1. For region C:185-207, name all the residues that are away from ligand 3 (no atom under 16 Å from the Cβ) and not in a helix (DSSP H, G or I).
2. How many residues are in a loop (DSSP other than H, G, I, E, B), touching a Leu at 6+ places or on another chain (Cβ under 8 Å) and at pLDDT 90 or above if we restrict to region C:330-343?
3. Find the residue count for region D:290-314, including only residues that are in contact with a Gly (Cβ under 7 Å, 6 or more places away or on another chain) and charged (D, E, K, R).
4. Does region B:82-101 include one or more residues that are part of a helix (DSSP H, G or I), more than 12 Å from chain A (Cβ to nearest Cβ), modelled with pLDDT under 90 and more than 30 Å from B:LEU228 (Cβ to Cβ)?
5. Taking E:LYS57 as the residue in question, decide whether it is within 24 Å of E:ALA261 (Cβ to Cβ) and out of contact with any helix residue (DSSP H, G or I) (no Cβ under 7 Å at 6 or more places or on another chain).
6. Out of all the residues in region B:179-200, is one or more in contact with a Gly (Cβ under 9 Å, 6 or more places away or on another chain) and either charged (D, E, K, R) or closer than 22 Å to D:VAL109 by Cβ (or both)?
7. Give region B:26-81 a look and list any residue that's charged (D, E, K, R), closer than 24 Å to E:PRO189 by Cβ and surrounded by fewer than 22 Cβ atoms within 10 Å (Cβ to Cβ), or say none.
8. Looking only at region A:123-130, decide whether some residue is surrounded by fewer than 19 Cβ atoms within 10 Å (Cβ to Cβ) and touching a helix residue (DSSP H, G or I) at 6+ places or on another chain (Cβ under 7 Å).
Amino acid sequence: MTDKASHRGLLLWLLLPGLLALGVSFVMPMLWLLRASFSTSAFGGPNGEWTLANYSTVIFDPFYWRVATNTLTYGLSVTFFAVLLSYPIALFLTRTTSRWRGLLTALAIAPLLTSGVVRTYGWMVILGDRGVINGSLQALALTDAPIRLANNFLGATIAMIEILMPYAILAILSGLGRLNAQLEEAAAMLGANRFKVFWRIILPLSLPGVLTAALLVFVLAISGFVTPRLMGGGRVFVLGTEVFSEATVTLNWPLAAALALLLLIIFSSVIILYRRALRALEA
Amino acid sequence: MNQTSLLARWSWRLLITAIYLFLLAPILIVFIVSFDTRQYLAFPPESYSLGSYALVFQNATFIGAFWRSLGIGIVVGFGAVAIGTLLSLALTRHRFRGEGAVNFLVIAPFIVPNIVLGVGLVLVLANFGLLDTYPGIILAHLGVTIPYTVRTVSMSLSSVDRRVEEAAMVHGASPLKVFWRITLPLIRPGLIAGWVIAFLISFDETTISLFLVSVKASTLPTEIYRYLEYSTDPQIAALSVILILISLVVVIALERLIGLRKAV
Amino acid sequence: MPDSHLIVESLTKTYPGSTASSVDHVDFNLQKGEMLALLGPSGCGKTTILRMVAGLIAPSSGRILLEGRDIAQLPVYRRNMGMVFQSYALFPHMNVAENVAFGLEMRGVPKAERADRVVRALDLVKLSGYGERRITQLSGGQQQRCAIARSLVIEPDLLLLDEPLSNLDAKLREEMRDEIRDIQARTGVTSIFVTHDQDEALSMADRMAVMSAGRIEQIGTPREVFDRPATEFVAGFIGAGNFFSGTASDGQADIPGFGRLAFSEPVPAGTAVRLLVRPHRIVLGDQGPNHFSGVVEHLVYRGQLLTLTVRVGERTIVADLPTHAGKLPALGETVSLSIAPDDVTLIGEAAS
Amino acid sequence: MPDSHLIVESLTKTYPGSTASSVDHVDFNLQKGEMLALLGPSGCGKTTILRMVAGLIAPSSGRILLEGRDIAQLPVYRRNMGMVFQSYALFPHMNVAENVAFGLEMRGVPKAERADRVVRALDLVKLSGYGERRITQLSGGQQQRCAIARSLVIEPDLLLLDEPLSNLDAKLREEMRDEIRDIQARTGVTSIFVTHDQDEALSMADRMAVMSAGRIEQIGTPREVFDRPATEFVAGFIGAGNFFSGTASDGQADIPGFGRLAFSEPVPAGTAVRLLVRPHRIVLGDQGPNHFSGVVEHLVYRGQLLTLTVRVGERTIVADLPTHAGKLPALGETVSLSIAPDDVTLIGEAAS
Amino acid sequence: QDATTGSVHIVGFSGVFADNYQKFIIEPFKAQHPGIEVTYEQSKNSAETLALLTLQKADPTVDVALIDVAVAIKGNAEGLFAPLDPAVVTNLADTPDWARIGEDRNIAFSQDNLVILYNTETVSEPPTSWTDLKDPKYQGRIAARLADTRGVILIPILDKIAGTDYKESIDPAIAAINEFAPNVLTWDPAPDCYAVVQSGEVDLSICWNGRAQYLHDTQGGIIGISAPKEGSIGQTNTINLVEGSKNAEAAQLFINYALSAEAQATFAEQSFYGPVNSKVELTDAVAARIYGSKEAQAAQTSLDWPYIATVYSDWIQRINREVIAFN
Ligand SMILES: Nc1ncnc2c1ncn2[C@@H]1O[C@H](COP(=O)(O)OP(=O)(O)OP(=O)(O)O)[C@@H](O)[C@H]1O
Ligand SMILES: Nc1ncnc2c1ncn2[C@@H]1O[C@H](COP(=O)(O)OP(=O)(O)OP(=O)(O)O)[C@@H](O)[C@H]1O
Ligand SMILES: [Mg+2]
Ligand SMILES: [Mg+2]
């Protein structure tokens, strides 16, 4: 009944288009990138020669180490706050029996579908020296000089937190699916008050979702460059902005490629750590 | 009930409202600013008008880029769903050597930052002469969207009861007929969700597009980004509001159709 | 009854947004150590009663007294009741011992004592040595016992069980029944057991309450309920039956289209009566005042039983005969059936 | 048996990656119009057999002959069999009529004829007028009937039913049994019915095959299997029982720690025997050669039955007594029990 | 009128530049050479143009590229551009030596001066010197994107003020930037250095003259322009013939026209980009809007671009690391 040859033929047709598309749009770029990072040619063109110079620049220049640690700090702080703020929303959305629930869910996710560039501009208007917050503070005579909320690390972090929150909300929401009301009732029956129910039941059970959210946010945060550039006032040096400026300002593509691969290495190690954590959690 | 729980309930509500406010603040600001009459973004507006909206509808660059993005998004949607469906079928319904590798290939683009992919894509597409062309940008967007469609389609494929397919087969349907008459209609919600997600990602993708397109195939996000390099005026806010409304409609339709949580 | 352990008085629940009451003026008392089965069709309000007693939802009206104290103001986590949920609701992120220890931990029981009591509880439900297991590594029956241990270890004032057996297959279910019964008897904890399976209620409970549409139709020992159903609903819900409508006259009833049926309970002549005969109580042969003959229309061999459908006059009578070795009736054969007058039950008010 | 409709010969299935065979040299024949129940505990290979017959999986070895033709090379969709799945597997995106018409459409039956046959099939399963309904608007029982109609409308050579009743609640299940039996009898289609519920198999099948670990332990009519179980496994699986081991001597057996037990089957003296007495076949009183008295240790009232556990000598005997009105034994009471020699069954090879 | 036929495909800057270039250079050229087809393709930035040329190297479709001088010099290293023929491009004779870069491969055709913009509503006393940037009254009121060509041009200016030669040391310039760094609100003004002045987000911004003049005229004069008295240096745009161009002859004709005094004068008047052709005579009004006061005009200098190309990314890195990273 199962004809091996025809089965293999079918499989080939199922896989071929996908492999072709991903081959051109993903595998080849990554291979080129790898090649370019070892090249002397300005654009990683075929006429370049092999060199390790780009990597030695990246590895031995303390500036790039600083950029790397900046990136990590940036990623971790964005991740921490994005998850912290998303959790109550996700919890609220799973709990609420309000008939506005659909709309509220849509609202929580709508920002996801709005250009990050545009939202960043919104943040500039809010956080700028003459923005909504400083304006109100000064109008209320709480401060006389503006507080620097934008054009620095703080501003880039605040905006990025908001921009990535919808992803975190979605991930935590799907993680909270494991929770059922009966578990909480069972805990209450056994004498757990509300706080203890949260701490001992809800939180541990939602941890996998939280971890997924954290990973997602972290990955997106450390590779972002639009928000750090626009909100950072040029002061935020992270790998994303460096890759972009090496590629477009100084036109050193091999270095950009090497930096990009460095970014990838940071990613992969974080993902491996994440997998470990998840497995530890499930074991 | 008692006092403390009332207090707890109200502080909980306050917290949720505050976070929502934080989440929606930039959108709200953009909405308000879009009615300003000044030529730059500032808050609060001096006076209100719909002038910026009129300007957006007269802006040939935006209109052109909008239609291009729409076209690209639609093609990417269909392409990603078709290819994603085939891949999902292979991955969920067959055992084969190299399955692990294909599985990895399908999630890897998730974890490679777009900016990294963008640099690599320029190098490859330039080589094929595909920079700033429709095939080029569509291929690039397929790469980032296929992982999503594979995920949604696989999810609906694995929720299809295999026995329903077996029942069709027992009652006389050949494998191809089973696919057309049973499997495909049953995974339709997943296909629609996949299409919408792929469309939205393509429609909103900035990072990679910035590397790949300049004039001929420029998309709306790249035009917005480029416009913002030289000016910020309420026009951009008005355009954003229009786009937000479009995405809200899409989100709500999606929620109605299949429930968002299943889709993403 | 001031010495009752649990008193439920006129308990009523109307869910917001619904017009009818899901639980409607329900009263019952439980003695210490008694096990009550709440029985009834789906949606009749069994779970709702249990959840009100547990404090998970607030009654619309009525009182619940535990050891004479009204517990309305007591929050769930102070009620000290054990509950076994239909799906057990074990904490998936804790192992068996941690699940069982949870309630003790909440009560601030010191670690050493906790470990001790967990071991004893696991022993009680025959799960010694399973403490380190993950919940997912337990079979359905083991999960149930874990859930029971978890609710017993806190030495609850009241044990509530909400269809704890409905997730199990037939074989396991029967084993679990005995086990629960056993544990309950040994610990002597007052219990309420919700089920919609009559066999479960009959074989486990000291008393059972049959509910319909939010009200208790009858409450009594299994025998009382089975043998003296207060209403036709109860009669039909508990066990199969042949029902007859007729007019009483001097120790017997005239049943149109069937004949006369003698029964033992005294009823004034001329009263309209509803009578019930359980298929199991019908025997072959023509002893006593009630004997009929008819043709076997349908016959199902069920191992221990042979279920006959016999046409008698204008009616069909269903009889379950034991399959003792020996000649059994065949399809189309004419058979004689007899019913002892004591096995004819009068349904409803005329009975008392 | 050349005139058998379906012949299964030495059918074996070993799933790739597993060492033991899930189905192990199974043989059986079915006459045209016969209904066979495949019965056995979970995982014994029932579904696997059915799926091999349907062609959904390929046998590792053995043959399946339908009307004398080996169907190994026939793909599923050409086998012309009807199948009713456990969860019915109705096409959720089609309405009832479309579901039923599906098989006809696949066979290229013209539209007009199709409509006609669908109407007749729906009529047969008493679903006339439900054609336009969506599947989700049907009750469990209606869904089942729709699934049956869908598999019958193609006039299959063989009807396969894989636990079609296991999703239903007790009440509905009993109704559905009769319905399936009825439809099968009316259409005369040869059928195989998979179940793990002995009551279902006993009451529905013409013959039943009891399986264990991939092998058929016994195949025969329900009566044969219940009354003359070939192995202890069969005896235990079909119905409850009291088992005795002893040594035969002249029409009776010596059972250590219990006494003597007379039985009817001739066995050479000195043979070791295993004997089975069904709880239902034990009666109160001291008639006949086998009567014992003992103390009631445990007693469960189950409505129609009273299950007694009685200590006799060093053993306990379980007896199910009908609850006919009249005095019933109480806990701790001493009762006399008798067993007719015909009700003592010899298990295993010595029997036959 | 000329009878040469062919087609010239140009890739160059986008935006207002493209509009003006089309109107004031290409159209008149086409009027003179009806047989030559000219197409202009806008490119996002010079880097992208260079990438495009690199990747098309084997079979170029572009004939003429308009790009920043720093990028053009990078292109020479990849062998992307061909030297011009002085016999065809006769206007080379009027082009100063500093503007004939890479052995006549990259010819400067216009310069856009680096200037200080100020908001005319908030700044009552316009700055007149580069040293005004460190005035404490501008605390947090300056926008300066220096991590690109702007910084690279500012360094020689500040070095000159400090009396140092930029080829010897740029430490004085870096120190000078550090002096006004505390006043800087943003090192990467978003959206750009013009809009932040226009909106009043900052008082001052270091920016290009051409676009500022255009905005001054079109946006109600909120943006004021100060060309400091110490003089300025222009961001230099070059015109380049692509190596391997299939229309080299027509392309050189076009380049010749683009370098002519006539074309440069028109373009200077329209776009306020400084002309390079030494024959161009600007009216005083136009000269003032391009170079500032007479004093500033006299102090105007230009750079050794091939040298700058070798230090370009080093200087940007020094600005990033020694100034911005600490401010
Ligand atoms: N949260 C609720 N809101 C509104 N109505 C409810 C709610 N919970 C239950 N009901 C209704 O109250 C009635 C009783 O429900 P309950 O759950 O007590 O029934 P039950 O006897 O436990 O049934 P089952 O045997 O199906 O579990 C039902 O009609 C049900 O629809
Ligand atoms: N696809 C498979 N691969 C490997 N082993 C299988 C597969 N399907 C079934 N088995 C194994 O074969 C044995 C028989 O399975 P089968 O499904 O036939 O049992 P069953 O009698 O139908 O049981 P149930 O009553 O639980 O449905 C089981 O031990 C099962 O684990
Ligand atoms: Mg319930
Ligand atoms: Mg099975």
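The values are calculated or read from the model by the stated rules, or taken from the named source; none is laboratory data. As the structure is a prediction and not an experimental result, all values here were calculated from the model. Ideal geometry is used to build each Cβ from the backbone, glycine not excepted, and the neighbour counts take in all protein chains shown.
1. Answer for region C:185-207, where residues must be away from ligand 3 (no atom under 16 Å from the Cβ) and not in a helix (DSSP H, G or I): C:GLY188, C:VAL189, C:THR190, C:SER191, C:ALA205, C:ASP206, C:ARG207.
2. Here the count works out to 0.
3. Final tally of qualifying residues: 2.
4. There is at least one residue in region B:82-101 that is part of a helix (DSSP H, G or I), more than 12 Å from chain A (Cβ to nearest Cβ), modelled with pLDDT under 90 and more than 30 Å from B:LEU228 (Cβ to Cβ).
5. For E:LYS57, the condition - within 24 Å of E:ALA261 (Cβ to Cβ) and out of contact with any helix residue (DSSP H, G or I) (no Cβ under 7 Å at 6 or more places or on another chain) - is not met.
6. no
7. B:ARG38, B:GLU46
8. no
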